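Step one of this worksheet: look at the structure below.
The values are calculated or read from the model by the stated rules, or taken from the named source; none is laboratory data. These numbers come from a predicted model, not from an experiment. Every residue, glycine among them, receives a Cβ derived from its backbone with ideal geometry; neighbour counts consider all protein chains shown.
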Amino acid sequence: MTDSDVLLEVRNLKKHFPIRKGVLKKVVAHVKAVDGVSFSVRKGETLGLVGESGCGKTTVGRMIMGAYRPTEGSIWFSPPNGKPPLDLASIDPGDMRELRPHIQMIFQDPFASLNPRMTIREIIGEPLIVNKVARGEELDRRVHELVEMVGLQPQHMSRYPHAFSGGQRQRISIARAMSLYPALVVADEPTSALDVSVQAQIVNLALDIQDKLGLAYLFISHDLGLIRHFSNKIVVMYVGRVMEYAPAQNIFERPRHPYTEALMSNVPTTRPELIGRRIVLRGETADPINPPPGCPFHPRCLYAEEVCANVVPPLAELSPEHQAACHFSRELNLTGCDALGCAV
Ligand SMILES: Nc1ncnc2c1ncn2[C@@H]1O[C@H](COP(=O)(O)OP(=O)(O)OP(=O)(O)O)[C@@H](O)[C@H]1O
Ligand SMILES: [Mg+2]
């Protein structure tokens, strides 16, 4: 990978939310929502961020969007104009305003994210007006083009969001997010509020647009099937940390972390006789306020040994581009989703 291909480089990113108690609002503990996450996204590719509820996926996305200041770490973003990368973790508001058009977001709930008092034309056109990109006839032309790109009827542009179905509303959100031709779109569970039948249409639309505009996605989901369909590379997170990071194909064919294996064994299978091989995870997901010592996954891991309770396994490079944070990654022969006939 040459440096010029890298769009986003996240290094040792942390977000610890303080928990305050009492009248003096004294800080009594911290939620380690994100606790040392590193990955990179190349121009035009999709990085999938997967893990159980509460593992810190949204918090990573919000730090990249500038909604949260990281507690520690850096977020290097290379602007498309060829200027040197800027660290979004320490950027000043003026520079962030300049970068804002290049980084956009698609949310989970397309209804909550659309202003009910604005027409579709206004919703999609607003970023173009605010950023002084287009007005008058040019604005109309651009909005028309975006509406068509997301498969909506141009004659419906004067309608309000409530007149549309969930899937159509997500199309409107996508048109708005794409209006400034961003280089990076953070999509946080963009289809999980939609009917299953509509989910595939929205995913395919997002992929078509990626082809057309060459943008990169940070795709956040707990659905491994969608992640696989969408992603070039995958980051598997558990209580704020990266357990495994590799190209999608490697992850599905040959996971190297027991947590990934367990997640995969629960994907629907086309071979019912293999259902008995599902790994039922013991216990609850770890508490990010007080994560277990050593490997945070060790209390639930089928393969844990004494060292796992005492020593934090580093994220080790097992082959080019394949990293896993497990003391036994090299010895274990874990089963991928494909061997279980997974239906994704
Ligand atoms: N503003 C906040 N203040 C305190 N704790 C927070 C805050 N936002 C998130 N958290 C906590 O940080 C952890 C990570 O939350 P986050 O929303 O990033 O997880 P997630 O992986 O997106 O989960 P989900 O799949 O349910 O969306 C959780 O324990 C959550 O309760
Ligand atoms: Mg979330």
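Observations
- For the range 18-56, residues that are assigned to a loop (DSSP other than H, G, I, E, B), away from ligand 2 (no atom under 16 Å from the Cβ) and not small (Gly, Ala, Ser) total 5.
- Some residue of the range 90-105 being within 14 Å of ligand 1 (Cβ to nearest atom), touching a Ser or Thr at 6+ places or on another chain (Cβ under 9 Å), of a type outside the set (Val, Ile, Thr) and touching a residue at least 40 places away in the same chain (Cβ under 8 Å): yes
- For GLY240: the one exception among (1) modelled with pLDDT under 95; (2) out of contact with any helix residue (DSSP H, G or I) (no Cβ under 6 Å at 6 or more places or on another chain): (1)
- With respect to the conditions (1) out of contact with any Ser or Thr (no Cβ under 6 Å at 6 or more places or on another chain); (2) surrounded by 15 or more Cβ atoms within 10 Å (Cβ to Cβ); (3) within 22 Å of ALA206 (Cβ to Cβ); (4) modelled with pLDDT under 95, ALA112 falls short on a single one, namely (2).
- Among the residues of the range 110-117, none qualifies, meaning not one is away from ligand 1 (no atom under 16 Å from the Cβ), farther than 19 Å from LEU215 by Cα and of a type in the set (Ser, Thr, Tyr).
- Options ARG171, ARG159, ARG141, ARG62: the member that is free of Cβ contacts under 8 Å to residues at least 60 places away in the same chain and within 16 Å of ligand 2 (Cβ to nearest atom): ARG62
- Options LEU194, LEU226, LEU146, LEU218: the member that is of a type outside the set (Asp, Glu), outside any strand (DSSP E or B) and modelled with pLDDT of 95 or more: LEU146
- Inter-residue pairs, beta-carbon under 9 Å, first under 18 Å from ARG256 (Cβ atoms) and in the range 289-311, second charged (D, E, K, R) and assigned to a helix (DSSP H, G or I), 6+ apart: LEU302/GLU261
- Flag if ILE172 is at pLDDT 95 or above and farther than 14 Å from ILE103 by Cα: yes
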